[in-house]
1. To test your reading of the geometry: what angle, between 0 and 90 degrees and rounded to tens, separates the Cα axis of helix 23-44 from the longest principal axis of the chain?
2. Let's test the formula: R0 of 22 Å, r as the Cβ-Cβ distance of Leu13 and Ile38. What FRET efficiency results, to the nearest 0.05?
3. At a 1.4 Å probe, what is the % contribution of carbon and sulfur to the accessible area of the chain?
4. Determine the sum of side-chain charges near Leu8: Lys and Arg each +1, Asp and Glu each -1, restricted to other residues whose C-beta is under 15 angstrom from that of Leu8.
5. Determine the calculated [θ] at 222 nm for the chain from helices alone, applying -39500 (n - 2.57) to every DSSP H run no shorter than 4 residues and normalising by the residue count; nearest 500 deg cm²/dmol.
6. Per residue, how much accessible surface does the chain expose to a 1.4 Å probe? Answer in Å², no decimals.
7. With just the Cα atoms of the chain, tell me how far they stretch along each of the three principal axes, in Å, largest first.
8. For the Cα atoms of the chain, what angle does the longest principal axis make with the long axis of helix 3-18, in degrees from 0 to 90, nearest 10?
Amino acid sequence: MKLSTIGLIAGLLLAIAAATGGWWAFLLAIVLGALGGIIGAHFDGDLDLSALTRGRGRG
């Protein structure tokens, strides 16, 4: 199983554990699921997040 899939599942499970029921829990599940998927995709090498951590070039 790819790390992005595991990250997505982990984010969704954390959202369920953090808040149960309601509109805000639904939104939290979407946000945490997306965050888990993005982090997992980064570790799989499918997504390069190094551009976010680099400063702007000086030239």
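1. 40
2. Rounded to the nearest 0.05, the efficiency is 0.85.
3. 70
4. Every neighbour counted, the sum reads -1.
5. Estimated from H runs of four or more residues: -23000 deg cm²/dmol.
6. Counting only protein heavy atoms, the per-residue value for the chain is 79 Å².
7. Extents along the principal axes, in whole Å: 51, 27, 12.
8. Once rounded, one gets 40 degrees.
The values are calculated or read from the model by the stated rules, or taken from the named source; none is laboratory data. Just so you know, these numbers come straight off a predicted model, no measurement behind them. Every residue, glycine among them, receives a Cβ derived from its backbone with ideal geometry; neighbour counts consider all protein chains shown. Side chains included, ligands, DNA and RNA excluded: accessible areas come from the protein's heavy atoms. Shrake-Rupley method; radii C 1.70, N 1.55, O 1.52, S 1.80 Å.
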